[in-house]
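One structure is given here, and the rest of the page talks about it.
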Amino acid sequence: MFYSPVRTNAAEVAKSDKLHLFRYVEDPEQVKIEKFEEHGGYVAWKKVLTEMEPVQVIDEVKNSGLRGRGGAGFPAGLKWSFVPKDSPKPRYLCCNADESEPGTCKDRVLMERDPHAVIEGMAIASYAIGCHQMFIYIRGEFAHCADRMEKAAKEAYEHGHLGKNIYGSGFNLDMVIHTGGGAYICGEETALLNSLEGERGMSRIRPPFPAVEGLYACPTIVNNVETLASVPHVINHGADWYKSLGTEKSSGSKIFSLSGHVKRPGNYEVELGFPLKKLIYDEDYGGGILGDKKLKGVIPGGSSTPFLTPDMIDINLDYESLVEGGSMLGSGAVIVFHEDTCIVWIIKRLTHFYRHESCGKCTPCREGTAWLEKLINRIEDGQGKPGDVEKVEEICGNILGHTVCPLGDAAVMPILSTLKLWRDEWQYHIDYGKCMVKTDFEFK
Amino acid sequence: MILTKESVNKIREKLQQYPKPKSAILPALTVAYRQAGYVDEGIYKEISKIINVTTVEIAEAATFYTLFAKEPRGKYLIQVCHNISCALLGADSLIGYLQEKLNIKIGETTEDKMFTLVTVECLGSCSTAPVMQINQDYYERLTKEKVDQVLEDLRSKA
């Protein structure tokens, strides 16, 4: 059975009465339904089906303050409440497991090690919105996650948690495991729905929003894996308990994927509002910078979020603090890099990625990312001409806010932040025809 | 016919799960790709007959997604992530090492048709970088020693 060797803080979570998502992820038996049930699994689902009305479920999640963990941070309960009550059409729930934002590797751990928690969360959300067929869209590369989810779904049917007339309530619910074809854009919810319909993964113009017209033009809710895995805990412990975790506006706990130049990369579940510095330097988390080098910068929420310099990292990891500090919480992917890293080299990597992943639907993103890649490659190679840096800035300005979906913004926000924070380093490439810092990372 | 009876049955099974047959395009392509190692016009036609969706609709989807190779590759497709988290931990040097070791360049296949080497975008394994995926399997926290071992194991298995 495939099991990623990724580090988690499950031991710490098990001792805490607040953290909950990672409690059993180091128990290899947790993937089996018997163990999951023994650990209190499907209790929330049963409670919801037998004791609660859908509107009560929505209210509970609304009151908990749970927000989307995929990147946008939209309140989950509020999203659910947008499904029209009087629509005669079927409703659908899609769990977004197209985890592809560079730096992010948390949903994979949940699917791999606690697949039933994902199913339970999906089931509760389905009941809340009146859905009888739920989908999980898993990125194609995660073939092992899809296998794990298939197996778990089969067990859930056998144990009567899915299927017809669940727990004698009269409620029917089916689950479909769907795998993608390797396209970052399909993590954007409308592109995901197109892809699920068998189309090219291109985003749709909104409105209509998926909650009104989503999959097959029916009301559809798309939620991230981690968001849904949090839902059973909200039901089990109550909205007030969940609200007591984290900060006033960012309640609950969240998984942060720590990667790059740290001594202990891994996935760490912490309460929202956790200090970023502690995550990077504390011995129980990142353990400090690789080779005890000097920190140069941090990308706090996945590759689409604005960068932070060392003097900006005295900041707490919650939605509001990061916006105030000039960035975003995003998907919670904290990427750390040290002094030996050329800033234009990082941007070259990322811009290649966004150019490759642009779906091609709208001109500013399709053409703009290609122009950016060409220019930035030239600058990084030392072939940049006077005015190139200004040109990069101008193209970014013509993409930002002018595209159908957030991919365009995602491509330029990191660039713009580095132009502000490390302008001298960009200019150095033009003036001297070489990088200010030689970047050469040896694989050992 | 390229698709085996088993693949056809798998596609039929998938088809039944969806409210609309077009949704079965990606699952069908996945089944076909896993069996054949590539997809092409001939395979689109075969899928078209099974799920009753036009060939052009299948081609339209297939050409958008990078996962489905459009021509045969080596027995083992080595996909090395070169995105940011892996790059910070030496992905370039890993790619160089693999090129040297296999004596091929990125995009090429070894003469014995055993290995094809490609670079890919983020594989979602950033906290265990550097990482590569060979066919369906992930290989994480790579070191030279580990890469040597993996290649040797695959060679002896073949």
Note: among B:Thr66, B:Thr55, B:Thr110, just one is surrounded by fewer than 20 Cβ atoms within 10 Å (Cβ to Cβ) and over 21 Å from B:Asn135 (Cβ atoms), namely B:Thr55
For residues that are within 11 Å of chain A (Cβ to nearest Cβ) and open to solvent by 50 Å² or more (accessible area, probe 1.4 Å), scanning just the range B:8-50, find the one that is nearest to A:His178 (Cα to Cα).
-> B:Gln17
Please determine, by comparing only the residues of the range A:331-347 that are crowded, with 24+ Cβ neighbours inside 10 Å and more than 11 Å from chain B (Cβ to nearest Cβ), which one is nearest to A:Gly286 (Cα to Cα).
-> A:Gly332
Among the residues of the range A:168-176, is there at least one that is surrounded by 24 or more Cβ atoms within 10 Å (Cβ to Cβ), part of a helix (DSSP H, G or I) and over 17 Å from the mean Cα position of the chain (by Cα)?
-> no
Could you pull out the residue among A:Ser321, A:Ser331 that is out of contact with any strand residue (DSSP E or B) (no Cβ under 7 Å at 6 or more places or on another chain), assigned to a helix (DSSP H, G or I) and in contact (Cβ under 8 Å) with a residue 40 or more places away in the chain?
-> A:Ser321
Of all the helices (runs of 4 or more DSSP H) wholly in the range A:340-400, which have at least 3 residues that are touching a Ser or Thr at 6+ places or on another chain (Cβ under 6 Å) and within 27 Å of B:Leu88 (Cα to Cα)?
-> A:343-357, A:363-380
From A:Lys263, A:Lys278, A:Lys296, residue being buried (at least 18 other Cβ atoms within 10 Å of the Cβ) and at pLDDT 95 or above | A:Lys296
Among the residues of the range A:1-43, which ones are of a type outside the set (A, V, I, L, M, F, W, C), under 26 Å from A:Lys263 (Cα atoms) and part of a loop (DSSP other than H, G, I, E, B)?
-> A:Tyr3, A:Ser4, A:Pro5, A:Arg7, A:Asn9, A:Ser16, A:His20, A:Arg23, A:Tyr24, A:Glu26, A:Asp27
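Each row is one residue, and each column tells you yes or no for (1) touching a Gly at 6+ places or on another chain (Cβ under 8 Å); (2) touching a residue at least 24 places away in the same chain (Cβ under 8 Å); (3) open to solvent by 20 Å² or more (accessible area, probe 1.4 Å).
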{"position": "A:Gln30", "(1), (2), (3)": "no, yes, no"}
{"position": "A:Phe36", "(1), (2), (3)": "no, yes, no"}
{"position": "A:Gly41", "(1), (2), (3)": "no, yes, no"}
{"position": "A:Ile58", "(1), (2), (3)": "yes, yes, no"}
{"position": "A:Arg69", "(1), (2), (3)": "yes, yes, no"}
{"position": "A:Gly77", "(1), (2), (3)": "no, no, no"}
{"position": "A:Lys89", "(1), (2), (3)": "no, yes, yes"}
Among the residues of the range A:177-210, count how many are in a loop (DSSP other than H, G, I, E, B), more than 9 Å from every other protein chain (Cβ to nearest Cβ) and open to solvent by 10 Å² or more (accessible area, probe 1.4 Å).
-> 7
What is the number of the single condition among (1) within 14 Å of another protein chain (Cβ to nearest Cβ); (2) charged (D, E, K, R); (3) assigned to a loop (DSSP other than H, G, I, E, B) that A:Arg69 does not meet?
-> (1)
Out of (1) farther than 24 Å from A:Gly330 by Cβ; (2) part of a helix (DSSP H, G or I); (3) in contact (Cβ under 8 Å) with a residue 60 or more places away in the chain, the one A:Val437 does not meet is (2)
Could you please let me know if A:Thr418 is under 22 Å from A:Lys296 (Cβ atoms), at pLDDT 95 or above and crowded, with 20+ Cβ neighbours inside 10 Å?
-> yes
Flagged in the range A:187-209 as among the β-branched types (Val, Ile, Thr) and closer than 17 Å to A:Ala410 by Cβ, in numbering order, are A:Thr190
Out of all the residues in the range A:299-319, which are open to solvent by less than 10 Å² (accessible area, probe 1.4 Å) and either at pLDDT below 95 or charged (D, E, K, R) (or both)?
-> A:Asp318
Please specify each residue of the range B:88-101 satisfying the condition of being open to solvent by less than 50 Å² (accessible area, probe 1.4 Å) and without any contact (Cβ under 8 Å) to a residue 24 or more places away in the chain.
-> B:Ser93, B:Gly96
Scanning the range B:113-135 for residues that are more than 7 Å from chain A (Cβ to nearest Cβ) and among the polar types (S, T, N, Q), the one surrounded by the fewest Cβ atoms within 10 Å (Cβ to Cβ) turns out to be B:Asn135
Across the range A:1-28, what is the number of residues that are modelled with pLDDT of 95 or more, open to solvent by 50 Å² or more (accessible area, probe 1.4 Å) and within 14 Å of another protein chain (Cβ to nearest Cβ)?
-> 1
In the range A:45-57, anything assigned to a helix (DSSP H, G or I) and farther than 14 Å from A:His233 by Cα is listed as A:Leu49, A:Thr50, A:Glu51, A:Pro54, A:Val55, A:Gln56
Residues being touching a Cys at 6+ places or on another chain (Cβ under 7 Å) and surrounded by fewer than 24 Cβ atoms within 10 Å (Cβ to Cβ) - total across the range A:112-133 = 1
Which number in (1) over 30 Å from B:His82 (Cβ atoms); (2) not in a loop (DSSP other than H, G, I, E, B) marks the one condition that A:Asn96 misses?
-> (1)
Unmet requirement for A:Lys62, which otherwise passes all of (1) out of contact with any strand residue (DSSP E or B) (no Cβ under 6 Å at 6 or more places or on another chain); (2) farther than 26 Å from A:Leu193 by Cα | (2)
Selection within the range B:58-96 - within 17 Å of A:Gly201 (Cα to Cα), part of a helix (DSSP H, G or I) and at the interface with another protein chain (Cβ under 7 Å from one of its Cβ atoms) = B:Glu60, B:Ala61
Apart from one, (1) open to solvent by 10 Å² or more (accessible area, probe 1.4 Å); (2) under 26 Å from A:Gly181 (Cβ atoms); (3) not polar (S, T, N, Q) all hold for B:Glu145; the odd one out is (2)
If you take the residues of the range A:348-377 that are touching an Asp or Glu at 6+ places or on another chain (Cβ under 7 Å) and farther than 22 Å from A:Gly187 by Cβ, which of them is farthest from the other protein chains (Cβ to nearest Cβ)?
-> A:Leu375
Could you check A:Asn223 against (1) polar (S, T, N, Q); (2) within 12 Å of chain B (Cβ to nearest Cβ); (3) assigned to a strand (DSSP E or B) and say which number it fails?
-> (2)
Restricting the search to the range A:263-292, which residues are of a type in the set (D, E, K, R) and either within 12 Å of another protein chain (Cβ to nearest Cβ) or under 23 Å from A:Val25 (Cβ atoms) (or both)?
-> A:Lys263, A:Arg264, A:Glu269, A:Glu271, A:Lys278, A:Asp282, A:Glu283, A:Asp284
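The values are calculated or read from the model by the stated rules, or taken from the named source; none is laboratory data. Here the structure is a predicted model, which is why all the values come from computation and not from measurement. Reconstructed Cβ throughout: ideal geometry from the backbone, glycine too, with neighbour counts over all protein chains shown. Remember, those area values only see protein heavy atoms, side chains included, never the ligands or the DNA or RNA. Shrake-Rupley method; radii C 1.70, N 1.55, O 1.52, S 1.80 Å.
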